[in-house]
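Accompanying notes for the structure given below.
Coordinate-derived values only; no laboratory data. Because the structure is a prediction, the values reported are computed rather than measured. Reconstructed Cβ throughout: ideal geometry from the backbone, glycine too, with neighbour counts over all protein chains shown.
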Amino acid sequence: MLKKFLSVFAALVLCLIPCAALAAYIWDGDGSTYNNETAVTITGGASGTLAVPAGAEVTINSETSVTSETGIKLYIEPNAKVVWSAAMEGPANFHTSVTVDGGGTFEVSGGLISATGHYNSTAIFAVGSTITVSGGTVEATAGTAIDANEGSNVTVSGGSVTTATGTAIVAQTGSTVTVSGSGKVNSTSSRAIYVRTGSKLMVSGGTVEAAAGTTIFGDSGSTVEISGGSVTTMTGAAIYAYEGNHVRIGGGTVEATTGTAIYAQTNTTVEISGGTITATTGRAIEAGNNTTIEVSGGTVTTAGAEGTAIFADLSNVTVSGGATVTAMGEESTAIFADSSNVTVSGGATVTAAGEESTAIFADHTEIEISGGTVNAVSEGSKAIYADYSQLKVSGGTVVALNDVSAAIFADHSQVEVNGGTVTVAGSASEAIFATRRSKVEVRDGGTVYATGGGSAAISTTRRVTVEVGDGGTIAATGDANVAISAINRGTVEIRGGGTVTVTGEESTAIFADHSHVKVNGGIVHFSGEGSRAIHVENRGTVEVNEGTI
């Protein structure tokens, strides 16, 4: 029966024409034996073409590891399947070890498919077909382990797909790659997965890793979705998203040791609703050139000294829901924004946990806190550092909890607190410290509060303007505290409905050194032995028009 198939259909097989009338398969080539009509055992020098018609399933195995000089071609029709458990090393030149075409399914359940040639060699080349790796190993030394073309679907649910200096999996236009279960995709010094324009990668389990280089590269117009498993790199980028790429993280782990967990550039969108994004010593997320970072859940963390959880340049960062962004190391930063927009809302938390760390550092940036918590918990840390920036607090809490700290540090910046709370709890600290022509306005339910000893609710120097309007409250509780301190040509104005109050021994509601105080309404109140409402020195002046002192 088999010889009859070969004589009638040999020409069709060589041309890779569908063989819909066949019951099993046709093999045309060398280096194989036929066990029965559903199995092939390949032997040394295996090469040729296997055609499998719709509805058929064929297994390919080998008794020992074999080498193919020209590779094997499989034409598998839709609803047909070939299961591979053989061990085969492909050609030593630029040839492909196994080519899969026809729209059917090719499953590697065990064994080995290897491409040992130069950078143009490929272990599996798929055209409009389904490739499943459930066991065994697919590897390339310098080339590509799996190249998916023309709408192919690749699933790695077990086994491993690896490369040394090439790319483990390339998803060409219109193709989809899924990593799940216990599947492993690995690159030693290059890309583990390359997601090209119009293609898609989904990781729901397993591991995708690169020892050096980029673990996942998402090209323009492609999509990368991580819902489980782990994506890791040692020195490069775990995910490199470029020019219109869309990254969605809903679970799993994306981690970089000394590199960047997610590097996103040029009109790219990164949405994080769950999972963990971590950088040990580098940046967890780096965004540039009109990229959008939306963190509505999960955690984004930098662990090392001087690290950054989210770095944004000319981009937009939104942290909302139950998301957590944390800087753990000394002198680290949770969010560093340059010429960008940063919004914190809902129940989100942005934390500076390391000594002398900063929760949000803003340079020429607009920041709005409408909910959640931005906090600095270690000594010498800052919740928000604004340099030539605009900061609006309309809700939530901005807080510094330790000594020698600041909830807000403003340099050449505008600070508006019209809701929410800005507070400091440590000694020798400021809820708001403003310098060099900055402006601070507190009104409409905004509260700035200081506790501890020797601290200030608002402390200013060098031509800073402070305005406390209707519904604004400035308060300091504790000994030797100051509600508002203005030094070096500053201006403090209290308007109708504003309140400045201090409670504690040797404390001052308003201190003016070579600065001007205007009370045009509201209340200035003090209590405690040795305390006072307004203290001026060094040519400081006070003007009281209305209000209560």
Out of these labelled values of Rg and Dmax of the Cα atoms in Å, (1) 30.2, 105; (2) 46.8, 157; (3) 32.6, 111, which was calculated from the coordinates shown here?
(3)
Rounded to the nearest 0.05, FRET efficiency between residue 79 and residue 197 (Cβ-Cβ, R0 35 Å) equals 0.75
Burial ordering of 294, 139, fewest other beta-carbon atoms within 10 Å first:
294, 139
Using Cα pairs under 8 angstrom and six or more residues apart, how large is the relative contact order of the chain, in percent?
4
Measure nothing but the geometry: give the 0 to 90° angle between the long axis through the Cα atoms of 2-14 and the longest principal axis through the Cα atoms of the chain, rounded to 10°.
50
With a point put 7 Å past each Cα toward its Cβ, work out how far residue 539 is from residue 109 in nm, to one decimal.
9.1
Measure off 7 Å from each Cα along the Cα-to-Cβ vector at residue 463 and residue 548, then give the distance between these two points in nanometres to one decimal.
3.8
Length gained if residue 436 through residue 38 is fully extended, taking 0.36 nm per residue and subtracting the Cα-Cα distance, is 135.1 nm
Which of 452, 92, 216 sits closest to the plus end of the dipole of the chain, meaning its Cα is farthest towards the positive end, when Lys and Arg get +1 and Asp and Glu get -1 on the C-beta?
92
At a 10 Å Cβ-Cβ cut-off, how would you order 240, 119, fewest neighbours first?
119, 240
Between residue 525 and residue 63, what is the label-point separation in nm under the 7 Å Cα-to-beta-carbon projection?
9.8
Expected 222 nm ellipticity per residue - DSSP helices of 4 or more, -39500 (n - 2.57), all of the chain, to 500
-1000 deg cm²/dmol
FRET efficiency, 1/(1 + (r/R0)^6) with R0 45 Å, evaluated for residue 281 and residue 514 via beta carbons
0.50
